[in-house]
Each structure stands twice: as structure tokens, then as C-alpha cells.
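Enquirer: I'd like to ask you about the structure that follows.
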Amino acid sequence: MSDNIEVRHGTDIRKGEMVRYTLRERMCHWLSAVSYVYLLLSGLALFSPYLYWIAYILGGGPTIRFWHPWVGLVFFFVQMWMHTLWQREMKITDQDRQWGKTVKEYVTNRDEKVAPTGNFNYGQKQFYWAMFYSTLVLIITGLLMWFPEVVSLRAWGHSLMPVVIFLHCIAALVTIAAFMIHVYMGIVFVSGGLQGILWGHVPVSWAKTHHRLWFEKVQREDRSRISSSEF
């Protein structure tokens, strides 16, 4: 291994770099992403006959009908795992509200005028909570759709199922919209953001620019995330 490389929190970092996401955080994120993309594609195939061609790519209608609810369970438990990792980081603070007031400067790339933010900015936190609460709706309605006989045993079951399906579709559409924005922001809009979630490290200068409050907190409380060359 090169003398210039240090291993911190399961992440290789070089001079001038720091750990953005630990190995455990990256594993959780990508398990969530892979399972969600499968659910997105198989769900669209089941949702509309115009999109049923997606089912053939994924192995056919019976195949996706079998795997969709099981992968849904995987996605749910991964989301709960993610919640244990990032719940505290996702609380809305006064700094987030200040950041929200400067969002116009953020989207126009005037970073010097954007209010400082912590580990996650206000937009990232909104995405997180949209996905979290939508996941709760999806798991509840999904289980009822998976076992419709449980609902049909009730006298009001036949009138309830259309509501269940409607809520499942609405929650799915919310996640699709949030997912599209998330991918665009992470890959296209914020230069360097994808590097952090792929390899776990970012330049110290990037952290100072985009997540200054988080960088300052790491300096105070967890210097193991920062290359020793910065000390």
C-alpha cells in the first residue's frame, strides 16, 4: 500500500482528503439504492400495461410478481438500518432553516452566499424524510396487497382495498420524484458528491465549501476522519 494512503473507517484517504461516508454507511446506501431501483422498475411494470415490457427485462411477469414484495421487505429493513445510522443527523435545525433561505444562491452555484450546513443540508434532509415516511406507507399497504385475503375477511374489506392501492401508488410516486431529484443533485448538480458515496472520501476543501458546519464538528470531535497531513 502506498505510504500516502491511510485507511480510516474502512475508507482509503490520501493527503488533503477526509472520510465523508464510512464503509458501513456506503453499504447501507447502496443496498437501499439497488433494492429501490428493482422495486421502481418492477413496480412500474405492475402498475401500467404500457410499461409491462419492463417485466420481460426482469424475467417476466410471474417473476417480478414473486420478487417485488420480497425485495420490498429488504428495502424496508435497509431503510430502518439507515434510520439507526442517520436519524440524529437528519433532525431539522435552525441552521437548516437558514440554509433554506439561501437556496436560490445554492441552485445558482453562488456557494459563497449559501448559509453553512452540517453533514446533510436541508434539501438532503427533506429527501430523507420523504423516503422514510413513504417507505412506511409502502410497507403497510404493500403487505395488505400481498395478503389481500386478510382484508377481504372483513365486511369492509372490498371497499378498503382500492384505498390501499391508491395510497401505495401515491407513496411510490412521491419516492420516484424524490429519487429523480436525488440522483440529479448527487451526480450532475453537486460536483464531487458522487465520489463521497462511491469511495467514501472527499477533498477537505470540498467539505469546507459544501458542509462547513460538519467539517468543523469533525475537526472538534472526530479527527480520525481527516488525513493526518491536515494536522
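Enquirer: Whether any residue in the stretch 207-227 is of a type in the set (Gly, Ala, Ser), more than 21 Å from Arg26 (Cα to Cα) and in contact with a Gly (Cβ under 7 Å, 6 or more places away or on another chain) is what I want to check.
Expert: Within the stretch 207-227, none of the residues are of a type in the set (Gly, Ala, Ser), more than 21 Å from Arg26 (Cα to Cα) and in contact with a Gly (Cβ under 7 Å, 6 or more places away or on another chain).
Enquirer: Which residues, counting only those in the stretch 16-72, are closer than 30 Å to Ile5 by Cβ and over 25 Å from the mean Cα position of the chain (by Cα)?
Expert: Gly16
Enquirer: With respect to the numbered conditions (1) in contact with a helix residue (DSSP H, G or I) (Cβ under 7 Å, 6 or more places away or on another chain); (2) surrounded by 13 or more Cβ atoms within 10 Å (Cβ to Cβ), which one is the sole condition not fulfilled by Glu216?
Expert: (1)
Enquirer: With the condition kept exactly as written, say whether any residue in the stretch 68-90 is among the charged types (D, E, K, R), part of a helix (DSSP H, G or I) and within 17 Å of Gln124 (Cβ to Cβ).
Expert: Yes: one or more hits.
Enquirer: Considering only the stretch 96-108, I want to know if a residue exists there that is under 20 Å from Val183 (Cβ atoms), of a type outside the set (Phe, Trp, Tyr) and modelled with pLDDT under 90.
Expert: Yes, some residue in the stretch 96-108 is under 20 Å from Val183 (Cβ atoms), of a type outside the set (Phe, Trp, Tyr) and modelled with pLDDT under 90.
Enquirer: Across the stretch 168-191, what is the number of residues that are of a type in the set (A, V, I, L, M) and buried (at least 16 other Cβ atoms within 10 Å of the Cβ)?
Expert: Here the count works out to 6.
Enquirer: Out of the residues in the stretch 1-59 meeting the condition of being surrounded by fewer than 15 Cβ atoms within 10 Å (Cβ to Cβ) and β-branched (Val, Ile, Thr), tell me which one is nearest to Leu173 (Cα to Cα).
Expert: My answer is Val37.
Enquirer: Need at least 2 residues that are in contact with a Ser or Thr (Cβ under 6 Å, 6 or more places away or on another chain) and β-branched (Val, Ile, Thr) per element, so show me which helices (runs of 4 or more DSSP H) inside the stretch 135-217 make the cut, counting only ones lying wholly within it.
Expert: Because the criterion is at least 2 residues that are in contact with a Ser or Thr (Cβ under 6 Å, 6 or more places away or on another chain) and β-branched (Val, Ile, Thr), the helices (runs of 4 or more DSSP H) in the stretch 135-217 that meet it are 157-183.
Enquirer: Does any residue in the stretch 77-93 that is closer than 20 Å to Leu39 by Cβ come within less than 7 Å, Cβ to Cβ, of a residue that is assigned to a helix (DSSP H, G or I) and hydrophobic (A, V, I, L, M, F, W, C) six or more places away or on a different chain, and which pairs are these?
Expert: Between residues of the stretch 77-93 that are closer than 20 Å to Leu39 by Cβ and residues that are assigned to a helix (DSSP H, G or I) and hydrophobic (A, V, I, L, M, F, W, C), the close pairs are Val78/Cys28; Val78/Leu31; Gln79/Phe132; Trp81/Cys28; Met82/Cys28; His83/Phe132.
Enquirer: Follow-up question, since we're still on this one. Limited to the stretch 92-126, what total is found for residues that are within 15 Å of the chain's Cα centre (by Cα), more than 16 Å from His29 (Cβ to Cβ) and assigned to a loop (DSSP other than H, G, I, E, B)?
Expert: 1
Enquirer: Tally up the residues in the stretch 110-123 that are free of Cβ contacts under 8 Å to residues at least 60 places away in the same chain and either more than 16 Å from Met185 (Cα to Cα) or buried (at least 20 other Cβ atoms within 10 Å of the Cβ) (or both), please.
Expert: Total meeting the criteria: 5.
Enquirer: Residues Thr135, Thr108, Thr93: which one is hydroxyl-bearing (Ser, Thr, Tyr) and closer than 16 Å to Gly72 by Cα?
Expert: One residue alone meets the criteria, Thr135.
The values are calculated or read from the model by the stated rules, or taken from the named source; none is laboratory data. Keep in mind that what you see is a predicted model, and the values were worked out from it rather than measured. Neighbour counts run over all protein chains shown; Cβ positions are idealised from the backbone, glycine included.
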